[in-house]
Structures are given as structure tokens and as C-alpha cells.
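Visitor: My structure is below; once you've seen it, I'll send some questions.
Only the coordinates and a few stated rules stand behind these numbers; no lab work does. Fair warning: this is a prediction, and the values are worked out from it, not measured in the lab. So basically every Cβ, Gly included, is an ideal-geometry build from the backbone, and we count neighbours across all protein chains shown.
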Amino acid sequence: MEQATKKALQIFATKARMGVLDGVYHAKAGHPGGSLSICDVLSYLYNIRMHVDPKNPKASDRDRLVLSKGHAAPALYAALALKGFFPVEDLKTLRKADSYLQGHPNMDKVPGVDMSTGSLGQGISAAVGMALGAKLDKAGYRVYAILGDGELQEGQVWEAAMFAGNHKLSNLTAVIDNNNLQIDGTMDEVNAPYPIAEKFRAFNWNTVEIDGHDFDAIESAFAAADACKDKPTAIVMKTIKGKGVSYMENAVGWHGSAPNTEQYEQAMSELNAALAELEA
Amino acid sequence: MAEAIKCATREAYGKALVELGEQNDKILVLDADLAAATKTGMFKKAFPERFIDVGIAESNLMGVAAGLAATGHIVFASSFAMFAAGRAFEQVRNSIGYTHLNVKIGATHAGISVGEDGASHQCCEDIALMRSIPGMVVLNPADDIEARACVFAAAEHDGPVYMRFGRLAVPRVFDENYKFEIGKGAVLREGTDVTIVATGLMVNEALMAAETLQNEGVSARVVNMATIKPIDRDILIDSAKKTGALVTAEEHSVLGGLGGAVTEVICETVPVPVLRVGVEDVFGKSGPAVELLHIYGLDAAHIAEKAKQAVALKG
């Protein structure tokens, strides 16, 4: 990947992280940890990979993204706002009673959201249905789903995985955000789904394992997904929960709590410093 | 009114899907390894390229149906009521109800009349579950004619629909000129002393009960309520005003189904006695379907008995 492109993606991701912080801080609630871990892949998807038009968010030939880990809505909203689907300023209305930015993604209220999610395990099935719909219609669009690693504990994920593998849904790419933490603790402390890639391979998926914060690796993973013509692809992405905010990184407590004013200011100062460095 | 013809509503469902498939190429049919029993196998035979079997995975069935609907298809998703409404309740609620996607759930083998398979498969809770979901239309046809009409109405309706079909062959109540409209009940027989509001296979029983009651000097109005949600408030209020007492009759738990829906309306508008005929708060058991219907009080005799009790309660 060219340096200028990479830098632009990093800038977008950093701004998305600021959007995440703005949202959860003003809402005094939300899920910052697992939102921050997917900002890089969202930056790549919305800027490089996906064919979407903010002026026509329901275009029938658009690529679809299903945020199966719906609690990372603040990251999705930030990416959509930065792409121009709605004003960035609105991110501060997250979870407010008079806002359209619901705590979990809602396809009827939020421009650019392709599926209402929030109940874990359900988004991947809907993404499978969309990918099948594209195949039945001989349409060329692709479907992306982002899942949490804890979400893999839901049995429905494997019902969907079995079906997608059997139907050779090569237009479907599932991204597994493997930040290794869930509400009650580490994967190992709760109910580890490892080895993840082997499981998807056993369900007849193509798999790629990458560092989810390395844009070169992200690009090659999605290129590998495109190149695979007879299987869906699972990109198992090693990430850092809370990425970009020092005190949130790899800290299980930041799964579902909002920063106070002091913490918010520190986070924004760190992200502003990162942004200044990137833009220098 | 009742003719000798008997047909299971699931059979009518399968046939109607084939008819629909011929008219509209956006129709897709999904099943979860029960195509022979739900009768979606008829559609599979006619349109194999538009039939998808997801296997024994009802949660994924509902999610895939939602995803297909989100890409512009009209999706009929089928399984037994126990698994469609029961096992996959939350998928129906969140992926289909909350999204208001164009998924039509064809749930067969509802109620006690599943028969020999017993309680694990006799779903008497599905109406209660499905009607609690905002925006969900809930249909429970009385015979094959009405079942076919429900399928066509569901396809026309923009949004999710739950259709409830039975395994047992039941007597035909309506004729070929029957017109069905979502949300409209219909007076099948006029009466002045009490109204029997019936749904599904209990409609025929209600008509027989009315006949018995007439011989005993009680004039019973019979209302067919094929749409449980949205419930036809007008016909209920009118019935309460004109007859002063109601009896509900359904092959479903007395908790939360038609009985629940009717009492909710009547208590808030024209409070008159409402008695409920249905499966009491118990699980079913194995046995021949018709025998079970009598054992659980789902017959004309029980309806007539309740109707007389309702009349006695009138002030």
C-alpha cells in the first residue's frame, strides 16, 4: 500500500476513534473498547474496499456491511459520518432519546446501516442471506460482516458458517475482531473459541489471519478474499481492545463503560496528538 | 355450511406457494429440513432454484430469511410452529420484527392436533409469542380456502407476517368465493344471546356449537377471527354490544392468544363476560389428534357449555 494511502486511512481511523469517544462520552454509556478495535478495518472497508454512496445509501448494487457485533455501533456511526452519510456533529447525540443514533445499529433510522443488529450471532445470518440474495440475483455486490470473538460463542454463528460454506458464498467476507476480551474477562477465562481459523476452515471457509491494525495486512487479506471464488472468507484479525487510547488498551473494564470528563479529555488529547503526528 | 371436504391448512399452504411462485419470481421459500411435512416440498419441486433448505437450524433460518428480504426478495420461511415461533423467537423478534423486513413465516403443526408426536411438538404458545412483537401480523386460518387466501394476502402485505397452519385435515368451512382481508373478522352466523369468536380449526366447532345452542334456545353469533393481530376491534365491540357476552375458541393456550387479545379489547371498551375455550395452562400429550382435541376441550360441546355459562354471567 502506498504511504499516502496508508496515512489517509490512519487519519480516518484516528478521527473515527475520536468519534467513538465523543459518542460514548456524551451518552455516558456505550461500548468503547470493541469499537476502537475495529476502527482500522472500518477505515479500510469504507475508503478502499466498499462501493457505497452516501447520497444513495440504499442503492441496490451497493456493497453491504453487517456489524454483527452491534455493540460497536459507535465505530460504525463514526465511519459513516466521516464518509458523509450524516453529520459528524450528530455523533455526540449517540443513545439520546431524541437521536436517530440508537445504541445498537438500526437500518431504518441510520443512513448507511445495512442491518439492524445488537443481539449477537444474528448479524452473520443476515449477511449470509444477503450474500445468497446477491448470488440468486446474479448481482456483483459483496457482503461484509464484522463479528466479535466472544460472539463466536453463539451457536447461531456456526449454523450460519455451515450454511455459507456449503453454499460456497464467495461474495461473503466475515471479519473476526479477535481482541481476546469479553465482558466477563479474557476468552480463556470465559469460554475460549480458539482455534478460530481452524473452525472456519472446518466449515469450508477460506481463512486469513492478520494483525488488524496493519493496513498492508488488511489489504492483502481482503485481496485474498476477493481472489477466492469458491468459498466465503473469514479474516481472523488480531486486535487490541481499546486501541488508540492508552488506558483503554487491553483493559477488560472498557468493554461497556464510558469515560468521565478527565478520562475523555486525556483520550482526546492522545488521539489529537496521534492525528497531529499523522498530518504533520 | 360445512362440507364433506377435508384438507389440512398446511396442504393449502404448499399449494398456494406454488401458485404464488408462478406469478412472482421474487418469491423465495426456505425450510429447515421439514419440507415434506410443512408442504413447502411442493414449491421445492416446482421451483428448485428458488427453494433453500437451511437444514435443522431455525435461528439461522430466520436470519437468512431476513438477509434475503433485505435484498428485495419476498421470503416464506417455514418450520413447525414450535421451532419457528418458539426456538427462533428472538431471531424473529430482532432480525425480522424490529427490522420490519418482508419475511412471511409459515408455521405448520401448530397446536394439540399435531397428535402422536406429543407435547414437545404441540405448540400452544405461538400466537401469544408472535402477537407480542410490534408490527407482526398474525394469521390463523380455519380451512384450506382461508389458508390459501392468507398466503396471498401475506405476500401482498409489506412487512412480517406469521401464518399458523395445522397438520390435521379439517373440514372446509368456506367456499371458493371467500374473500379475506388482513385485520377483518367476519360474522359467519348471526345471533343475539352470545358471540363465539373462533379461530383456526375451532371455527367449524363454533358453528356446530351454535347449532346445538339454537336447539337449546340460545342464539349464538359466530365470528371468524383469522387475523389475531391486528385484531378487529370493531367486530368485537359490535358483538359485545349486541350480544352482551363472548366466548373465545382457539387451539392454543388460553393465555395470551385469541382469548387474551379479545379480553384486552373488551375489558377496555364494552366490559361484558368473556369466557375462553382453549388449552388450559398445561402441556399436551401423545395421542390421535381428534381424540386429543376432545380431551383438551377443543370441541363444539365445550364451546356450547362455555357459551351457556357466559350467558348466565350476563347482568
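Visitor: In degrees, nearest 10, range 0 to 90: what is the angle between the Cα axis of helix A:122-136 and the longest Cα principal axis of chain A?
Guide: In chain A, helix A:122-136 runs at an angle near 50 degrees to the longest axis.
Visitor: Using modelled amide H (1.01 Å from N, peptide plane; none on Pro or chain starts), what sits under 5 Å from the amide H of residue B:138, excluding residues fewer than 5 places away?
Guide: For residue B:138, the qualifying residues are B:162, B:228, B:229.
Visitor: Further, regarding this structure: Hey, what do the phi angles of the range B:162-167 turn into as Karplus ³J(HN,Hα) couplings, whole Hz, using 6.51/-1.76/1.60 and θ = phi - 60°, x for Gly and Pro?
Guide: Working through the residues one at a time gives 10, 10, 10, 10, x, 7 Hz.
Visitor: Across the residues of A:150-158, average count of Cβ atoms on other protein chains within 10 Å? Write out the running numbers ahead of the final one.
Guide: On the way: counts 0, 0, 0, 0, 1, 3, 10, 2, 2.
Other-chain Cβ atoms within 10 Å of each residue's Cβ, averaged: 2.
Visitor: Turning to a different aspect of this structure: For the protein assembly as shown, give me the percentage of DSSP beta bridges that are antiparallel, rounded to the nearest 5 percent.
Guide: The answer is about 15 percent antiparallel.
Visitor: Hey, got a sec? Which trypsin sites (Lys or Arg not before Pro) in the range A:198-280 land in a DSSP loop and have at most 15 other Cβ atoms within 10 Å? Mind showing how you got there, number by number?
Guide: Details: sites: A:199, A:201, A:229, A:238, A:241, A:243; in loops: A:229, A:241, A:243.
Loop-located and lightly packed - A:229.
Visitor: To the nearest 20 debye, what charge dipole does the range A:166-226 have about its Cα centre, counting +1 at the Cβ of each Lys and Arg and -1 at the Cβ of each Asp and Glu?
Guide: Charge dipole of the range A:166-226: 440 debye, to the nearest 20.
Visitor: Convert each backbone phi in the range A:4-9 into a coupling constant with the Karplus relation 6.51 cos²θ - 1.76 cosθ + 1.60 (shift: θ = phi - 60°), then list the ³J(HN,Hα) values in order as whole Hz, x for Gly and Pro.
Guide: Karplus-based 3J(HN,Hα) across the range A:4-9 equals 5, 5, 4, 4, 4, 5 Hz.
Visitor: If packing is taken as the average number of other Cβ atoms within 10 Å across a peptide's residues, how do B:172-178, A:170-176, A:120-126, B:150-156 rank, most packed first?
Guide: A:120-126, A:170-176, B:150-156, B:172-178
Visitor: Rank the residues B:255, A:21 as a footprinting-exposure proxy: fewest other Cβ atoms within 10 Å of their Cβ go first.
Guide: B:255, A:21
Visitor: With label points built 7 Å along Cα→Cβ from the Cα atoms of residue A:100 and residue A:137, find their separation and express it in nm.
Guide: 2.1 nm
Visitor: Which value, in debye to the nearest 20, gives the size of the charge dipole of the protein assembly as shown about its Cα centre, when Lys and Arg are +1 and Asp and Glu are -1 at the Cβ?
Guide: Working: 56 positive and 74 negative charges, 150 e Å.
In debye, rounded to 20, the protein assembly as shown gives about 720.
Visitor: In chain B, what percentage of the DSSP-assigned beta bridges are antiparallel, given to the nearest 5?
Guide: 20 percent
Visitor: For n ≥ 4 DSSP H runs only, could you compute -39500 (n - 2.57) per run for the protein assembly as shown, divide by its residues and tell me the 222 nm figure to the nearest 500?
Guide: On the way: 21 runs with 231 residues, N = 595.
The helix contribution divided over the protein assembly as shown gives -12000 deg cm²/dmol.
Visitor: Rounded to the nearest 0.05, what FRET efficiency is calculated for residue A:247 and residue A:166 with R0 set to 35 Å and r the Cβ-Cβ distance? Display every interim value, and only then the final one.
Guide: Details: r = 45 Å, r/R0 = 1.27.
After rounding, the FRET efficiency stands at 0.20.
Visitor: Enumerate the calculated ³J(HN,Hα) couplings along the range B:103-118 in order (Karplus 6.51 cos²θ - 1.76 cosθ + 1.60, θ = phi - 60°), each rounded to whole Hz, writing x wherever the residue is Gly or Pro.
Guide: Taking θ as phi minus 60°, the curve returns 10, 10, 8, x, 9, 9, 6, 7, x, 5, 6, 4, x, 4, 4, x Hz for the range B:103-118.
Visitor: Separate question: With angles folded into 0 to 90 degrees, how steeply does helix B:9-23 sit against the dominant principal axis of chain B? Use alpha carbons for both and round to 10.
Guide: 50 degrees
Visitor: Which order, highest average first, do B:287-293, A:100-106, B:74-80, A:11-17 follow once you tally other Cβ atoms within 10 Å for each residue and take the mean per peptide?
Guide: Values: B:287-293: 16.6, A:100-106: 20.4, B:74-80: 28.3, A:11-17: 24.4.
Going from most to least packed, we get B:74-80, A:11-17, A:100-106, B:287-293.
Visitor: Ok, one more. Note down the magnitude of the dipole of chain A about its Cα centre, charges +1 on Lys and Arg C-beta and -1 on Asp and Glu C-beta and zero elsewhere, to the nearest 20 debye.
Guide: Numbers: 27 positive and 34 negative charges, 172 e Å.
With only Lys, Arg, Asp and Glu charged at Cβ, the dipole is about 820 debye.
Visitor: I've got another one for you. Can you put A:194, A:77 in order of Cβ neighbours within 10 angstrom, beginning with the fewest? Don't skip to the end; give the middle numbers.
Guide: Numbers: A:194 13, A:77 30.
Sorted ascending by nearby Cβ count, the order is A:194, A:77.
Visitor: In degrees between 0 and 90, to the nearest 10, how far off the longest principal axis of chain A does helix A:73-83 point, with axes built from Cα atoms?
Guide: Tilt of helix A:73-83: around 90 degrees.
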